[in-house]
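Please read the structure below before turning to the comments.
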Amino acid sequence: MSLLLVADIGGTNGRFGLVEHDAEKNRINGKINYTAERQITLKCANYPDMATMIKACCSEFGINMPEYGCLAIAGPIENGQASMTNLNWKFSIDGLRDQLGMKTLHVINDFASLAYAVPFLESNELVTLYDSHKTNVDAPIVVMGPGTGFGMAALVPNQNNWRIIPTEGGHASFAPTNEKELDIKAFLLKEQNHVSVENILSGGGLVTLYRALAHNHGLEAKPYTPADVSSKGIANEDPICREAVLTFCDVLGEVAGDKALSLGAKGGVVIGGGITPKLVDLLPESHFLERYKNKGPMTSYVSDISIKLIINDKAALVGSAAWLINNTDSLK
């Protein structure tokens, strides 16, 4: 049995987990365990670099450094070099592996990890938002999520495994489809020369929607945070916040349909990130599903594509474990 260290590390927190992996047992019963039974969360600000935090994590677990690990990080990875977007941490993957004394260390983008988790999540970790009953298991799945930003990736079946196709779909242009959204985009174009999907569908996007709607109603916007807009909108304590979260849901449906069309995602649409689970009860009140299907001659095409929502906020740990096991020969 091998002990695997998996992690999901953002700008604020590092979530770590330990997975007990027995390749021989898996070959016999055909079921692989991707779940980290033991988990801890550490504050990134308490550590000067990645290596120090990982060593502290192992100390917290009371274990020696595992031979195998996979880190999902919020930042770009290129040519064996990793850089954290909201931390001043940059490191060589091979250098970190050698510094820690590991045999194998994978480092992948956090949204790639979330996407890779999707085929390996249990049914109680997903909620069906729309079921077409026509899912094509041989077709791509599009995984997207509004959070701090807007992430998107495609999963493509590949010889009994899955290939991740990373994208920058969150930076595609925001396309208004009604007068209200045209007014929102006009408001934002006075402040910036490009309005993206991420400018609307993100934590900051909630505030952006609130400011634009307040302006277009002739009201002065209050200094709300994303949490303020979300909570006041859900509780219906502020009519502009309420309109902002419902508009957010409308645009999310529109974008989900667009991305499904663009990637031919007959395998399904899966929504992740931290925002949508909080707004899920508002989706029926919004035009989410109507906007998802509103694709002219391609309405029936999109109507065949189901939508699921990830409700496990530790899903990236599952993705890290699955990536490590399925891409390391000695663990198969």
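Computed from the coordinates by the stated procedures, all read-outs in this text should not be read as laboratory data. Every value quoted in this text rests on a predicted model; they were computed, and no experiment measured them. All Cβ positions, even for glycine, are placed from backbone atoms using ideal geometry, and neighbour counts span all protein chains on display.
Comparing 159, 99, 39 in a Gaussian network model of the chain (Cα springs below 10 Å), the most mobile by mean-square fluctuation is 159. Hydrodynamic radius of region 53-108 by the Kirkwood approach over all distinct alpha-carbon pairs: 11.8 Å.
Set against the 2.2 N^0.38 Å expectation for a compact globular protein, region 1-159 has a Cα radius of gyration ratio of 1.12. The spacing between region 285-332 and region 23-81, judged by their C-alpha centroids, is 24 Å.
Using 0.36 nm per residue and subtracting the Cα-Cα separation, the extra length available between residue 99 and residue 60 on full extension is 12.2 nm. The gain in end-to-end length when the residue 26 to residue 330 segment is fully stretched comes to 108.1 nm, 0.36 nm per residue minus the alpha carbon separation.
The coefficient of translational diffusion for region 233-294, derived via Stokes-Einstein from the alpha carbon Kirkwood radius under 10 °C and 1.306 mPa s, stands at 131 µm²/s. Could you sort out which of 31/308; 180/278; 134/259; 190/266; 190/293; 222/295 sit more than 28 Å apart by Cα distance in this structure? Result: 190/266; 190/293; 222/295 exceed 28 Å.
Between 0 and 90 degrees, rounded to the nearest ten: what's the tilt of helix 315-326 against the longest Cα principal axis of the chain? That works out to roughly 40 degrees. Between the beta carbons of residue 43 and residue 261, assuming R0 = 35 Å, the FRET efficiency works out to 0.30 to the nearest 0.05.
Relative protection proxy for 279-285, 32-38, from highest mean packing down: 32-38, 279-285 (other beta-carbon atoms within 10 angstrom). On the basis of the beta-carbon distance and an R0 of 35 Å, residue 163 and residue 88 show a calculated FRET efficiency of 0.60.
Taking the Kirkwood radius as Rh and the Cα radius of gyration as Rg, region 12-93 has a ratio of Rg/Rh equal to 1.02. Of 108, 33, 234, whose Cα points farthest to the positive end of the dipole of the chain (charges on the beta-carbon: +1 Lys, Arg; -1 Asp, Glu; origin at the Cα centre)? Ranked along the dipole, the leading option is 33. Placing unit charges on the Cβ atoms of the charged side chains and taking the dipole of the chain about its Cα centre, the candidate lying farthest along the positive direction among 316, 199, 223 is 316.
Our coupling estimate for region 235-244, obtained by passing each phi through the Karplus curve with A = 6.51, B = -1.76, C = 1.60 and θ = phi - 60°, is 7, 6, 8, 9, x, 6, 4, 4, 5, 5 Hz, Gly and Pro reported as x. Taking 8 Å as the Cα distance limit and 6 or more residues as the minimum spacing, I'd like the relative contact order of the chain as a percentage. Contact order relative to length: 21 percent.
Around the amide H of residue 151, modelled in the peptide plane, lie the amide H atoms of 145, all under 5 Å away and 5 or more residues distant in sequence or on another chain. Efficiency by 1/(1 + (r/R0)^6): what FRET value for residue 33 and residue 138, r their Cβ-Cβ distance, R0 = 22 Å, to the nearest 0.05? Efficiency computed from Cβ-Cβ geometry: 0.25. The angle between the Cα long axis of helix 203-216 and the main principal axis of the chain comes to about 10°, on a 0 to 90 degree scale.
On a per residue basis, the convex hull of the C-alpha atoms belonging to region 87-220 measures out at 197 Å³.
Hydrodynamic analysis of the chain uses the Kirkwood radius over alpha carbon pairs. Inserted into Stokes-Einstein at 20 °C and 1.002 mPa s, it gives a translational diffusion coefficient of 102 µm²/s.
Site pair residue 186 and residue 52 shows an inter-label distance of 5.3 nm when each label is modelled 7 Å from Cα along Cα→Cβ. The Cα atoms of region 192-290 cover 44, 34, 22 Å along the three principal axes, with the biggest extent listed first.
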